[in-house]
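Report on one structure; see the data block that follows.
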Amino acid sequence: MTETAIILVRALSCGAVVWIMIRAVEDAPPPLAAWIIALPLTMAAGLLAVAGTQGDAFVQRAAVSACMSFPAMLTFMMLAARLFDRLPALPLLAVSLSGWLAAISAITATGPWSLTTCLIVAVAAFALSHLILPFRLAFTARVISPTQRRALIPAAQAVVMVLVLSTLSGRIGPVFSGWIAAAPMAMTFVTLGLKRAGSRNAQSTFQSARLGIPALFAYLASVILLTPHLGGMTATLAAVLPSLGLSALVVAGRLTLTPKEIAP
């Protein structure tokens, strides 16, 4: 099998996995939907693509770049959440993505961070986000339930990400590869879908997305720590396990805080 064929198979396989996982939340109770949202589906697809074409040091540096981006992710989420009812869809996305781009550009200018620094900054940004969107840990409403058509969007996104990073990561370098892998593309489409549907559950969806941050951080931290020992490809796959576990713990904690008349 040629290298091009391998990349295509890898891209289509990642897209199929994402489609299956997203479709699993249709008509699912809030805990299952929140658990699926928190999984590093497209992020893992992106780093897997990097690992398939680049060396271990490159993969680790890309994971560090992605790990530095959590304040930028939160900037996007908080802007989208607070301005959701005030702006039409396209201006809302323009402002939110501009906030993300400004934040990630400023962060990258400070140079690579240690994992400890990434953790401290991510925790601080996570805590400060409470000032913009107060935490509501209990499940209060269903998160967005994608239709079959909408499920194709993140699946196609994963396919495109794998194709782009498989072919261009060597040219753009590990820093920008990490940017792409951690870009809030899934939340962009979710936000757009919520606006078009006129959803009243937007704040619940943003809460679930924000509470998925710990699981995403666990994934990237695991890639950074495991790559020198297991190699980039194995690390990007093995790192999904701690992310799954932490996401399940967050969901279990939220269930304990949810009134029984609301809990499924």
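No value in this document is a laboratory result; all are computed from the given coordinates. In this text the structure is predicted, and so the values were computed from the model without any measurement. Please note: Cβ atoms are built from the backbone with ideal geometry, for glycine as well, and neighbour counts cover all protein chains shown.
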Margin query: Could you tell me the center-to-center distance, by alpha carbons, between the range 106-125 and the range 187-264 in angstrom?
Written below: 20 Å
Next item on the list: Could you tell me which of rounded, prolate or oblate describes the range 81-143, using a ≥ b ≥ c as the square roots of the eigenvalues of the alpha-carbon gyration tensor, with rounded for a/c under 1.5 and, failing that, prolate when a/b is larger than b/c and oblate otherwise?
Entry: oblate
Checklist line | In order through the range 237-244: 3J(HN,Hα) via Karplus (6.51 cos²θ - 1.76 cosθ + 1.60), integer Hz, x for Gly, Pro | finding: 7, 5, 5, 5, 4, x, 5, 4
Note to self: 7 Å from Cα along Cα→Cβ at both ARG171 and LEU8: what's the point-to-point distance in nm?
What the structure shows: 2.0 nm
Check: SER98 versus MET233, label points 7 Å from Cα toward the beta carbon: distance in nm?
Finding: 4.4 nm
Item checked: Within the range 170-264, trypsin sites (Lys or Arg not before Pro) in DSSP loop having at most 15 other beta-carbon neighbours inside 10 Å -> ARG200, LYS260
